[in-house]
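Chemist: One structure, pasted below without further comment.
Bear in mind that the values in this text are calculations on the coordinates, not laboratory data. Remember, predicted model here, so these are calculated numbers, not experimental data. All Cβ positions, even for glycine, are placed from backbone atoms using ideal geometry, and neighbour counts span all protein chains on display.
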């Protein structure tokens, strides 16, 4: 059982933690089942340098009874300092702004530590409200830098550091190294002490050939004369990561200490293996990437590769179709229209013009392929002007019907009325067409497809999931799962089964198709990726490192009045082949002056979602505003402080 709040002081005194630990481990720091959980065995590098292997590795430089910390995590390290005879923390150095690395900074600072952060990320410590209150970080999200693993509440920055700066503290010399890649402003710290050269590298690397996750590497691609948004930048910071790792490599450290992962005693080998794996993973991604069709100059280095799938030639769409913006319009022989997606008012205007000219007689249905803003922004206007049933797969309906409940890329605040959520494989007759709806987790997990058959035509409308170049999996935040019969493997299997004569992407005017050989090639590529990306992460399946939303809160955002209860679910996707136990709790804002929230626990079956309910009250007399409430997570062997968050508007 956990130590209760009433016996925590006694518990820490038994550990010999003294006044520092009693004061420093506050309500946001977990108290665990036993002493081994709370205070893991310290890794002693030298007389003056140790590593506390908590939720993140915290470096401890000691000088008598004082300490300098590197990446304090959730502050749990303070419980170990008393055992070393350390009575105060003089400074806390942070490698980057992600809150799992620094969510304990406020309490350490309150007990006397000076907070020192990378100059380029200062505002992500001091001015977090600027991020959380900016609509562009909530809606129409195409950029992921900075990342939403942002501190929930601001902390005062006492000093900043930048590349090349040096300082002496106690027996140690510390040099600051700019190491962008995991975040734009990440730094590492070269510590020279007791004859050792040790680099604390943040989340640049996890272990030999491994990273903690890759969705933080989502960054816009660049080439001569062009650039994409972060949204189109799968593994986009790979070059920065490799450059930063090479810089560390050239310094020839004795040890490398990542924020997550083991202390690496063969840094050069670990770095070289990771660089090779990143290149191989990116190559396999590129081999069937739809981006080769959209941005060929960004992939010029891969031209002519025999082990990459050729880009298909286009096909002329049948006469029964019209293409306006990102909308396909299916027109029957009687001139009735079925519209697919409505991302812009110009679609409504074009349809009205067609009605006025008599080119279509009526709009009888609106089908939504997926939730992205460029496909649903104008749906409310469409529904007001052209009242007809809105039909889509139930997974899509969940998002577009209540967008406030979700945090996803390219999400629109526009609320769509869905009249008919469809089940996978549901079929019906519409004029001369046989229509069949499918769940189609391709470009996003929340995606549908529609098969329209008439005569020899088998037209398959797949939203944005494929182009002539292959699959549209260029944004990790879209939740592109790897594995048999999930994600794109499921979609390609369906194409193999249906054998469409024409496939349609909402952004591409020409139709296209895939040969059976190309379908087999794409599925073999995805199976290979499951293994390659699996080796890239420390988790027991690749999807944990690729699926940012494997732990998410639902609803993501809600309104509540002072004195009311807030309730939400923490939805945990178990990507593993075995059952996992998950526990979670809310980390309530300082202004709420609340006791630590209780943990809730559930066992989640393999390859399934589990839902853990959390509820708490909003204090009376609370100032109105938007409050960020992080959620601590324990999952199997993993301890994940403030791993996700929910927004409460009071």
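Chemist: Across the chain, what fraction of all alpha-carbon pairs, as a whole percent, falls in each successive 10 Å bin from zero upward?
Modeler: 3, 15, 24, 24, 17, 10, 5, 1, 0
Chemist: Ok, one more. If I stretch the segment between residue 419 and residue 562 completely, what's the gain in nm (0.36 nm per residue apart, minus their alpha carbon distance), one decimal? Walk me through the intermediate numbers first.
Modeler: Details: separation 143, 0.36 × 143 = 51.48 nm, distance 3.47 nm.
Result: 48.0 nm gained on full extension.
Chemist: Can you work out D for the range 484-617 in µm² s⁻¹ from Stokes-Einstein, where Rh is the Kirkwood radius over C-alpha pairs, the temperature is 10 °C and the viscosity is 1.306 mPa s?
Modeler: 86
Chemist: What nm value, rounded to one decimal, do you get for the distance between residue 196 and residue 594 when each label is placed 7 Å out toward the C-beta?
Modeler: Once both label points are built, they end up 4.1 nm from each other.
Chemist: Further question: Could you give the distance between the Cα centres of the range 291-332 and the range 150-209, to the whole Å?
Modeler: Going from one Cα centre to the other spans 45 Å.
Chemist: Would you mind pulling out the separation of the Cα centroids of the range 108-136 and the range 379-411, in Å?
Modeler: With the range 108-136 and the range 379-411 each reduced to a Cα centre, they are spaced 36 Å.
Chemist: Continuing with the same structure: Over all directions, average the projected area of the Cα convex hull of the range 547-649 and note it in nm². Could the numbers behind the result be given before it?
Modeler: Details: hull surface 24.5 nm².
It is 6.1 nm².
Chemist: Related question: Let's test the formula: R0 of 45 Å, r as the Cβ-Cβ distance of residue 247 and residue 623. What FRET efficiency results, to the nearest 0.05? Before the final figure, lay out each step's value.
Modeler: Values: r = 45 Å, r/R0 = 1.01.
In this case the efficiency is close to 0.50.
Chemist: Another question, if that's okay. Specify the angular offset, from 0 to 90 degrees and rounded to the nearest 10, of the alpha carbon long axis of helix 238-251 from the longest principal axis of the alpha carbons in the chain.
Modeler: Rounded to the nearest ten degrees, it is 20.
Chemist: Antiparallel as a % of all DSSP beta bridges within the chain, to the nearest 5? Write out the running numbers ahead of the final one.
Modeler: On the way: 91 of 122 bridges.
Expressed as a percentage, antiparallel bridges in the chain total about 75.
Chemist: Quick one: if the Förster radius is 30 Å, what FRET efficiency do residue 90 and residue 265 give, using the C-beta to C-beta distance and rounding to 0.05? Write down the numbers at each step before the final one.
Modeler: On the way: r = 28 Å, r/R0 = 0.94.
Once rounded, the FRET efficiency stands at 0.60.
Chemist: Given an 8 Å cut-off on Cα distances and at least 6 residues of separation, report the relative contact order of the chain as a percent. Spell out each step's value before the answer.
Modeler: Values: 1516 pairs, mean separation 60.8, N = 650.
Normalised by residue count, the contact order of the chain is 9 percent.
Chemist: Three principal axis extents, largest first, for the C-alpha atoms of the range 331-387, in Å?
Modeler: 31, 18, 15
Chemist: Please give the FRET efficiency for residue 142 paired with residue 384, using the beta carbon to beta carbon distance and R0 = 35 Å, rounded to the nearest 0.05.
Modeler: 0.85
Chemist: Can you tell me how much longer the chain between residue 524 and residue 227 gets when fully stretched, taken as 0.36 nm per residue apart minus their C-alpha distance, in nm with one decimal? Write out the running numbers ahead of the final one.
Modeler: Numbers: separation 297, 0.36 × 297 = 106.92 nm, distance 3.04 nm.
Net length gain for the segment: 103.9 nm.
Chemist: I want to check the label-to-label distance for residue 638 and residue 615. Put each point 7 Å from Cα in the C-beta direction and report it in nm to one decimal.
Modeler: 2.9
Chemist: Also, I was wondering about something else. What list do you get for 277, 429, 156 if you sort them by fewest beta carbons within 10 Å? Before the final figure, lay out each step's value.
Modeler: On the way: 277 18, 429 8, 156 12.
Starting with the residue having the fewest Cβ neighbours, the order is 429, 156, 277.
Chemist: Ordered by packing density, taken as the mean number of other Cβ atoms within 10 Å over each peptide's residues, highest first, how do 331-342, 347-358 rank? Please report the intermediate quantities before stating the final value.
Modeler: Details: 331-342: 20.4, 347-358: 15.1.
Averaged packing, sorted descending, gives the order 331-342, 347-358.
Chemist: Just the number: Rg to Rh for the range 5-286, Cα atoms, Kirkwood Rh, two decimals. Could you put the intermediate results ahead of the total?
Modeler: Working: Rg = 19.0 Å, Rh = 19.4 Å.
Taking Rg over the Kirkwood Rh, I get 0.98.
Chemist: Arranged from highest to lowest average of other beta-carbon atoms within 10 Å per residue, in what order do the peptides 571-584, 398-411, 360-373 appear?
Modeler: On the way: 571-584: 18.1, 398-411: 20.4, 360-373: 23.1.
Highest mean packing first, the order is 360-373, 398-411, 571-584.
Chemist: Let me ask you something else. What percent does the relative contact order of the range 321-514 come to when contacts are Cα pairs within less than 8 Å and at least six residues apart?
Modeler: Worked out over the range 321-514, it gives 16 percent.
Chemist: Same structure again: If I model a spin label at residue 607 and residue 160 as a point 7 Å from the Cα along the Cα→Cβ vector, what separation in nanometres do I get?
Modeler: Roughly 5.0 nm, to one decimal.
Chemist: While we're looking at this one, here's another question. Scaled to the compact-protein estimate 2.2 N^0.38 Å, what is the alpha-carbon radius of gyration of the range 53-143, rounded to two decimal places?
Modeler: On the way: Rg = 15.1 Å, N = 91, 2.2 N^0.38 = 12.2 Å.
Cα-based Rg divided by the globular estimate yields 1.24.
Chemist: Considering the Cα positions of the range 118-230, please state its Rg to one decimal place and its Dmax as a whole number of Å.
Modeler: Computed over the Cα atoms of the range 118-230, radius of gyration and Dmax are 16.7, 51 Å.
Chemist: Follow-up. Could you work out the mean projected area of the convex hull around the alpha carbons of the range 321-514, in square nanometres to one decimal?
Modeler: Numbers: hull surface 40.1 nm².
Average of the hull's projected areas for the range 321-514 equals 10.0 nm².
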